[in-house]
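A short worksheet on the structure shown next.
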Amino acid sequence: MKIVVLDGYAANPGDLDWGALEALGELVVHDRTPPSEVIDRAAGAEAVLTNKVVLSREIIAALPQLRYIGVLATGVNVVDLAAARDRGIVVTNVPGYSTPSVAQTTFALLLELTQQVGHHAHLTRWGRWSESPDFSFWDRPLVELSGLTLGLVGYGAIARQVARIGEAFGMGVIVHTRSPEKYPGEPVRFVDLKTLFADSDVVSLHCPLTEETRGLVNRERLATMKPSAYLINTGRGPLIDEEALAAALKEQLLAGAGLDVLSQEPPPGGNPLLTAPNCFVTPHIAWATRASRVRLLAEVAENLKAFQRKAPRNVVG
């Protein structure tokens, strides 16, 4: 079997190895593949693995030998699932591999917003503490999480991990999900979206990107949030209307935002959130700890191995 990885660099920039996949066939790994070269590079492959390279209907139609698409991620919006289904191509993803890391990043962003560790470390390096007449120095409000309300949009594995961490900090947790009946006995309160945005001190987004959720956080919803509230997004960038969020931050309609994802990645220099006040943006790194990537590559290989045994696992679409 010929196996082609179209964009392997993010998952394995050189600190891991591809041995598990090499054992399954003739493996060709490309660090990155521009759209214009996808068909040429994937030609003749029975299995194509992609992280963020788009496999459209047109591309799938141009690859007659393709039988398997493995997504090196959880989200599968880069694959035209209907086109794959029409061709009988199996599509798999890797759920759950990044859960601990993304939950950790959610709180890294929130703690930077509330405790301002990075900011005050920089001020200390620049001499501001040395110049202070007092033994303790801060120049921004410091916020305790205990007693605050954490609102989670979506309640998959990552959100449930975030809920447990929030509870450990002493936060109350409210959740909006389409299927609250799936979670009997959970120590959270299920609410509608209107209540969640109005009552939360922290809103954290953990829902998939669909046509229904695109632009979920818009000017109207931001206007219902507490001026002291924070917004965290480690899900997908287009969940947020970025112009609306930048305007809300400038107008002090909320206290701050911590974002690991944007609508276009890498972002153009004109993205308004890059210069918005009290907005911390990290370059889509929540998933990228070494431990997370080790799990990812192991599961990618197991998915392909299961397909070769004619017992596919983690099939989507």
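Taking segment 204-241 on its own, how many of its residues are among the aliphatic types (A, V, I, L, M), within 22 Å of LEU148 (Cβ to Cβ) and either open to solvent by 60 Å² or more (accessible area, probe 1.4 Å) or assigned to a loop (DSSP other than H, G, I, E, B) (or both)?
Summing the residues that are among the aliphatic types (A, V, I, L, M), within 22 Å of LEU148 (Cβ to Cβ) and either open to solvent by 60 Å² or more (accessible area, probe 1.4 Å) or assigned to a loop (DSSP other than H, G, I, E, B) (or both) in segment 204-241 gives 4.
Hey, could you check segment 300-311 for residues that are over 18 Å from VAL29 (Cβ atoms), of a type in the set (A, V, I, L, M, F, W, C) and in a helix (DSSP H, G or I) and say which is least open to solvent (accessible area, probe 1.4 Å)?
The qualifying residue least open to solvent (accessible area, probe 1.4 Å) is ALA306.
Among (1) open to solvent by less than 20 Å² (accessible area, probe 1.4 Å); (2) under 29 Å from GLY75 (Cβ atoms), there is one condition ARG178 misses while meeting the rest; what is its number?
Here ARG178 meets the rest and fails (1).
All but one of (1) open to solvent by less than 30 Å² (accessible area, probe 1.4 Å); (2) over 29 Å from ARG32 (Cα atoms); (3) at pLDDT below 95 hold for GLY166, so report the exception by its number.
Here GLY166 meets the rest and fails (3).
Would you say LEU297 is part of a helix (DSSP H, G or I) and without any contact (Cβ under 8 Å) to a residue 60 or more places away in the chain?
No, not satisfied.
Of the residues SER146, SER179, only one is out of contact with any helix residue (DSSP H, G or I) (no Cβ under 6 Å at 6 or more places or on another chain), modelled with pLDDT under 95 and among the polar types (S, T, N, Q); which?
Checking each option against the conditions leaves just SER179.
Among the residues of segment 119-132, is any β-branched (Val, Ile, Thr), out of contact with any Leu (no Cβ under 7 Å at 6 or more places or on another chain) and surrounded by fewer than 18 Cβ atoms within 10 Å (Cβ to Cβ)?
yes
The values are calculated or read from the model by the stated rules, or taken from the named source; none is laboratory data. Note that this is a predicted model, so its numbers are computed, not measured. Methodologically, a virtual Cβ is constructed for each residue, glycine included, from the backbone with ideal geometry; neighbour enumeration extends over all protein chains shown. Just so you know, the surface numbers come from the protein's heavy atoms only, side chains and all, with ligands and any DNA or RNA stripped out. Shrake-Rupley method; radii C 1.70, N 1.55, O 1.52, S 1.80 Å.
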